Amino acid sequence: MSCITTKDVVYLQDKGDGTDSISVMREIPKPYKVQVNDILSINVKALDEDLVKIFNPVTTTTTNSANQDPSSLYFNGFTVDVHGRIKFPVLGEITVLGYTTTEIEKLVKDELLDQYFKETAELFVTVKLAGLRYTVTGDVTTTGVYTLYQDRVNIIEALAEAGDITLTGNRRDVLVVRQYPDGQKIHHIDLTDIKAMNSPYYYIQPNDIILVKPLKRKSIGAGQTAIQNLTTIMSLLAGVVSIYVLTKNL
């Protein structure tokens, strides 16, 4: 029989020499490159705001709101199609697959200056992902598809949004299914080890699927901790003794 210990449930444990400070995230994560099915929020500004209305189906106020309705972003944002392109007013189809948002900003601005505006318009273009959308499933409190309006979200924050991993969930081997241009790949991360913060999968990306497996444990009852298992054993022993006493007195 085995039970769940604190080593199974505590995040980011120091499994090294026990020093007070630990170096993490030595390298800055590489900028995310846009994938198929991503939705982009593109905002164009100029000295004459009337000239750019056609390019802004979602207003700045709405786009920046944390309470943005995802359906509004779906209908008014710019979805990357299966060919890696978006359809942008006036400019038509623009290939954005594999580009960072900073690169797309420059691409859109250059095309607008070349086809529609003059340099004196003082054009300013911002491109953001219209929410970081991901899926959590497995041994968590609430499985589902979530969208967070942040540029960077780590996997612990993502799991917290789903109510966290349950007591019986395996934190030592969490699976991250990530989308790449050539398909999907499955990665493993141990969230009980502080070294996880150095993992390239510690920060999630759009369309990630986080899968939490249950712990493999043997038990004789529903107990999940040592105390609960001991209680179960004592109850069984008490039951055996009671039956013995009753049968002896017959």
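How far is it, in nm, from the label point at N154 to the one at D110 when both lie 7 Å from their Cα along the line to the Cβ?
Here the answer is 3.6 nm between the modelled labels.
Would you mind estimating how fast region 135-189 diffuses translationally, via Stokes-Einstein at 20 °C and 1.002 mPa s with the Kirkwood radius over Cα pairs, in µm²/s? Could you put the intermediate results ahead of the total?
Details: Rh = 12.2 Å.
Value of D from the Cα-based Kirkwood radius: 176 µm²/s.
Could you list, bin by bin from short to long, the percent of Cα-Cα pairs of region 75-165 in 5 Å steps?
3, 11, 18, 17, 14, 11, 10, 7, 5, 3, 1, 0
How far is it, in nm, from the label point at L47 to the one at V177 when both lie 7 Å from their Cα along the line to the Cβ?
Between L47 and V177, the simple spin-label model gives 5.3 nm.
First measure r as the distance between the Cβ atoms of I194 and T168, then evaluate 1/(1 + (r/R0)^6) with R0 = 30 Å and state the FRET efficiency to the nearest 0.05.
Details: r = 23 Å, r/R0 = 0.76.
According to the calculation, E is roughly 0.85.
If the cut-off is a Cα-Cα distance under 13 Å, which aspartates and glutamates reach K216, setting aside same-chain residues fewer than 8 apart in sequence?
List returned: D8, D139, D173.
Hey, which aspartates and glutamates would be in cross-link range of K45, C-alpha to C-alpha under 15 Å, not counting anything within fewer than 8 residues on its own chain?
E105, D110, E111, E119, E122
Please compute the modelled spin-label separation between T126 and T100, points set 7 Å along Cα→Cβ, answer in nm with one decimal.
Distance between the two pseudo-spin positions: 1.8 nm.
Which pairs break 22 Å Cα to Cα here: K30/K213; K53/K87; K7/K195; K7/K30; K128/K213; K53/K109? All intermediate terms of the calculation are to be shown ahead of the outcome.
Values: K30/K213 28 Å; K53/K87 16 Å; K7/K195 15 Å; K7/K30 31 Å; K128/K213 33 Å; K53/K109 15 Å.
From K30/K213; K53/K87; K7/K195; K7/K30; K128/K213; K53/K109, over 22 Å: K30/K213; K7/K30; K128/K213.
Bear in mind these aren't lab numbers, they're just calculated from the coordinates by the rules spelled out. None of the values given here were measured: they were computed from a predicted structure. Cβ coordinates were reconstructed from backbone atoms using ideal geometry, including for glycine residues, and neighbour counts include every protein chain displayed.
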